[in-house]
Every structure is written in C-alpha cells, then in structure tokens.
Amino acid sequence: MDMYGFYTGKIFNAYEEQGAHVTPQGTRFVTFAPAARNISVIGEFLNWQEIPMNRVYDGNFFECFIPEAREGMMYKYRIYRQDGSCVEHCDPYGFGMELRPNFASIIRDLNKYKFHDEKWMENRSVRKDEPLNIYEVHLGSWRTNEKNENGWYSYKEIGKKLIPYLKDNGYNYLEIMPLSEHPCDESWGYQNTGFFSPTSRYGTAEELMELVDDCHKAGIGVLMDFVPVHFAVDAYALANYDGTALYEYPNQDVGVSEWGSCNFIHSRGEVRSYLQSAANYWLKEYHFDGLRMDAISRIIYWQGDEARGVNGNAVDFIKYMNQGLKDMYPTCILAAEDSTNFPKVTKPVSDGGLGFDYKWDMGWMNDTLDYFKKTSLERVENYHKLTFSMMYYYDEDYLLPLSHDEVVHGKATIVQKMYGAYEEKFPQARAFYMYMFAHPGKKLNFMGNEIGQLREWDEKREQDWDILKYPIHDGFYQFMKKLQGWYQELPALSEWDYDRHGFEWIDCHQEERCIYAFERMSAQQKVIALFHFAEDDGVAYECVAEPGCSYEVILDSEWDVYGGEKKTPKKREVVKADGKGVIEVEFAGFEGIYLLKI
C-alpha cells in the first residue's frame, strides 16, 4: 500500500492491504489504529482466545498472521485504549459480517467467484444517449420468503425472481438500496457499520457477486446506493475506533448528522482513502455498474445548510473520488442525490464540476407531485409548475426520480398523491407517468409504483402483489409495461435527452384547460406528447404539427385495455395534420397521448 497516498487521501485500494486476507497458509489481519495502546484478534479459529497483533509500518498499523483462520470464520479486534479500557470492534475493512445484533466480522475470500460477464463489461455505457430505466429495490421487501424467519430471500434466490420481472417490465437497470452492513433494518442501509461487508441478511459476498453477474448476463445493469457522508454510532464499529475520533469529527457541532449518525471527517486523508477504497471495492470486486451517492448536499454544505457555507474539504474529496473512479471505470454511472442549486454537479472535474454523470432532479419531482395533488381548478393557477423544469433542465444532466423517499413517512404512495377518490386517481396516474417518460431525463421508479401500490412502503412487508387481482390495478400495471416498452423502443424519448434539439414545446400556454403539448426528437424520429390534466371530458384541442404529416397513435392512457374510457383500437390508428399542420384531438378527461411521426 502507498503509505503517503493513504495519509494524503490519494489511494483507492486500501482494502487490498487492510482487513482479513486469505492465503493458502492462513489469514493475514491488518488494521489502522494509531491511538490504540495495543490490539488483539479474537475469533472462532482459536476458540476466541486473544492473539496479539504487532505494530507495523510506521507504528500506526497492527498486523498478525493466523494459520488456523480460514474463509467463513468469525473474528473481532479487541482494541485497548490509552486509558486501559478495551472495546471489541468489527473490522472497518472486513469483507463480511454477522447478522445483527451480532457484529463479528467474517473472513471472506474475494477470489472464489469467477465472473462470466465479459461481454457486458466491454459494452456497457453511461447511457447518455440511450434509454436508462431504473427500478429501485429494497431486497428484503420486494418479495418476502415464508421459509425465512425474517422474510428474506438470499441474493441467489431473489435474482431468480427479480431478473425475469425486470426484463418483462422494460427496466434495463436495477438500483439496490445500500447493501453495506447495517445494524438497524429501519435505516434501510443508510447507517452503516460495515462499508466493505455485503449485508448478511441476504447471504455472502460470493452470492452477491453471482446476483450481479446474472443480471449482466440478462442485459441488466446494477447500481448500488453508496453512503459517503455518515456512519452508524454503534460502539463496535467506526465510532471512536481506536479510542479517538478517527473517522468522525471530534466536534459535535459538525460531528453529528441530522439522522443522529456520525459525520465522516472528509478533511482527513485516511478517511478519504477509506471511502474511495470502499467505492472502488464495490465497482471492482462486485462488478457493480455504478453508485448512487446519498445526501450529497451534506457533502457540499456544512450539515447540508447553504447558510453555513461550502465544506471545501468535502467538495475536494468528492471531486477527487469521482475523477479517480471515472479514470478507472469510464463507463460506470455516478449519480448524485442532491437537492441544492450548487453549480456543475454533473460537469467533469476538469471543467470545475463535481464529476457526477447524473443528478437527481428533485425540483422536477417536488413540483410535479405537488401539481398532481391539486384540484383541476388549482392546477390552472399552478399550470407552470410543469413547465418550470425546462427552464433549468439543461444546467445539469438530470435523472427523474420517484424513489423510496416519496412513498414513506406519511407522504403517501405515488398513486395516492393523485387528487380525488380511488377511481379518479388512476386516470391521472397513467397520464402522469406518460408525462414523466416523455420529459427529458433518465427514469427511476421505486418498487411498487408500477402496480399502483396504495400502502406506504414498509421494509418489513413485501409489496402488495395481490392487488393485481383487481382490474384497475392490473390495467395500470399493463399500462406501465407498455409505456416502459415504448420508452425502450423509441429513440426520440432518450437519444437527445441532454441536447436542446431533443425537446420543443408545441403549446405551454393552455393555462385554463391544463393542456400541454411538446415534441421529442432524435436523429431519425419525432414523437408528439399531448396531455390534459383536468377532469373535464370531451375537450377539443387543435395541436399544431408539421403540415401534411401523418402520425400514428401509439399509446393513449385512456384506452379501455388499461382501465380508461376510450375503446382500444384493434388496428393501427393514424391521424394526419392538415395543410396548416393542425391535428384535432378530443381529450376524455385526464389523458396522455403519444403520436409517432410516420
């Protein structure tokens, strides 16, 4: 390991030296704990007897070699502090860990699994000019397993169910909520104790590698949620690891996050190297195709508060890490969950940016969902909530998220957010999703959104799949499948997402009638998207298109096959613009229509 690089925050491979590394002769243990008086390894290999570690390198590291320690065995570090007290810790660089509430690290051999995804890895891209449709999943509650006391399927078992579902529904990327080990189920993985340990809830490191490999063989990319801002306070993990604030701030004013967790001190080189190595670890060892980075606003500003100013050290860290990851993996996807107006989040570091590929468009999400909570009359007054996103859209490379955060903690599910009674919500939701998929930007949907889930997400229960027995939900599900299929097939909906030539308003001044019309373009294709977001039916509208051109009606949210009021055409339906370019449309209440230029 490059010691100077480690201390100055320049390296991405600290895990190759630290942690527990299996050899044919036994296992070598190394940990960084500069303030510790001494450290012992305890484990099941010698009946949990203490094996003293030796100071090595510059005296800030401890090392020992144990011939009896083998793959799959548990261990801990017993760290003696300067005051004589001792605390048992899991390994900060451990590659496996016990199921909560236990916390021993587990020796894992990262070289056991052999990947078979060479073709995928050679051909993957960041998909700027291709469809990117992400299905966000919490593995423990997508489906539950009656044979497991906690309701979990293993990585291997869930893959057999999830991969065919993704293929059938038109998703080409899977985003998994944090898989690094965490003690509290309710944190969903956002408060970690094992940044290099795939959670044991679903199995071993080898089984997770197989899940990613199987996704790749099926043509599905896999992203993982990564948390570079904070960590769990549990005394056995990173907090006060060597008896001092080694990974966290010593000052409580900035040391504790709004979630009650410990904030990483990004000004410290050893911490930077730790986080950079963790990010690299998931991309290299598990072949993840990218990372969605959580709470980037807390990296940019102190405690996420713009009034407290920019955290320059943390910003420098994220720039260096992103640039390093892109240098190693040019085709990996780095996405920022960031609600700030900080500039150049998705611009290259060489151009003064933060180096992300995508930024979640939280403004679009908030404005759009707020619009659909309103009555038709209120939508008249708030008409331009749906046009505002295109005022700033080209400032960044945006991704449109409807994530787990929007369906918990009293916020209601996506369909529930639609104004009105139960039956009224579905026509609006169908039209809403057509608007989302026609709007520039890549797409992300949380599990359950596609079936019209009405119960807020609970990490302890699987999705309410049985609601598909009701026609209104099944119709919505079939509609979502068709919509996402068209998104994959129509280059106009993705090829020029970040090119100003890819979008043009046809009409964004129908305030009184809540009608919107715009065109999406690619090099070889044009699609007109028409929307009516008021409850009045039988509304006539003249859409201006290219004179004399013909358009195929490829999708209508009000076709009765999806639960709407219009008879689904049995054969291709074509409309033609007259000599003035006018196409006559009649809206049946809340409705979205796609017209493909022939």
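The values are calculated or read from the model by the stated rules, or taken from the named source; none is laboratory data. Because the structure is a prediction, the values reported are computed rather than measured. When we count neighbours, we look across all protein chains shown, and the Cβ atoms used for this are built from the backbone with ideal geometry, even at glycine.
Overview of results
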item	result
Filter pass, Ala20 being closer than 15 Å to Asn60 by Cβ, touching a residue at least 60 places away in the same chain (Cβ under 8 Å) and touching a strand residue (DSSP E or B) at 6+ places or on another chain (Cβ under 6 Å)	no
Pick from the range 221-258, criterion of a type in the set (Val, Ile, Thr) and part of a strand (DSSP E or B), ranking: surrounded by the fewest Cβ atoms within 10 Å (Cβ to Cβ)	Val256
The range 112-129: number of residues that are within 30 Å of Pro183 (Cα to Cα) and touching a residue at least 60 places away in the same chain (Cβ under 8 Å)	3
Elements of type strands (runs of 3 or more DSSP E) contained in the range 1-101, each with 1 or more residues being buried (at least 24 other Cβ atoms within 10 Å of the Cβ)	19-23, 26-32, 38-43, 61-66, 74-80, 86-89
Number of positions in the range 295-316 that are hydrophobic (A, V, I, L, M, F, W, C), within 14 Å of Gly255 (Cα to Cα) and in contact (Cβ under 8 Å) with a residue 60 or more places away in the chain	1
All positions within the range 176-187 that are buried (at least 19 other Cβ atoms within 10 Å of the Cβ) and either of a type in the set (A, V, I, L, M) or out of contact with any Ser or Thr (no Cβ under 9 Å at 6 or more places or on another chain) (or both)	Ile176, Met177, Leu179
Lone qualifier among Arg268, Arg298 - being charged (D, E, K, R), crowded, with 19+ Cβ neighbours inside 10 Å, under 30 Å from Ala35 (Cα atoms) and in contact with a His (Cβ under 8 Å, 6 or more places away or on another chain)	Arg298
Filtered residues of the range 338-356 (kept if closer than 15 Å to Asp327 by Cα, in a loop (DSSP other than H, G, I, E, B) and aliphatic (A, V, I, L, M))	Leu354
Verdict on Lys161 being at pLDDT 95 or above and either more than 26 Å from Ala335 (Cα to Cα) or β-branched (Val, Ile, Thr) (or both)	yes
Count of residues meeting criterion [part of a loop (DSSP other than H, G, I, E, B) and either touching a residue at least 40 places away in the same chain (Cβ under 8 Å) or among the basic types (Lys, Arg) (or both)] in the range 501-544	9
Conditions (1) surrounded by 21 or more Cβ atoms within 10 Å (Cβ to Cβ); (2) touching a His at 6+ places or on another chain (Cβ under 9 Å); (3) of a type outside the set (A, V, I, L, M); (4) farther than 18 Å from Ala429 by Cβ; number of the one not met by Tyr541	(1)
Test: residue in the range 258-265 that is farther than 24 Å from His138 by Cα and small (Gly, Ala, Ser)	no
Residue satisfying all of: in the range 141-175; more than 17 Å from the chain's Cα centre (by Cα) and small (Gly, Ala, Ser); surrounded by the most Cβ atoms within 10 Å (Cβ to Cβ) among these	Gly159
Given (1) over 30 Å from the mean Cα position of the chain (by Cα); (2) free of Cβ contacts under 8 Å to residues at least 60 places away in the same chain; (3) part of a strand (DSSP E or B), number of the condition Pro547 does not satisfy	(3)
Those residues of the range 550-580 which are in a loop (DSSP other than H, G, I, E, B), surrounded by fewer than 17 Cβ atoms within 10 Å (Cβ to Cβ) and not β-branched (Val, Ile, Thr), in sequence order	Glu565, Lys567, Pro569, Lys570, Lys571, Arg572, Glu573, Asp578, Gly579, Lys580
Matching option when the condition is modelled with pLDDT of 95 or more, buried (at least 19 other Cβ atoms within 10 Å of the Cβ), assigned to a helix (DSSP H, G or I) and not aromatic (Phe, Trp, Tyr), among Leu369, Leu325	Leu325
Residue pairs meeting the criteria (Cβ under 9 Å; at least 6 apart or on separate chains; first within 14 Å of His532 (Cα to Cα), in the range 378-402; second assigned to a helix (DSSP H, G or I) and polar (S, T, N, Q))	Leu386/Thr368
Qualifying residue in the range 123-140 (condition: buried (at least 16 other Cβ atoms within 10 Å of the Cβ) and more than 24 Å from the chain's Cα centre (by Cα))	no
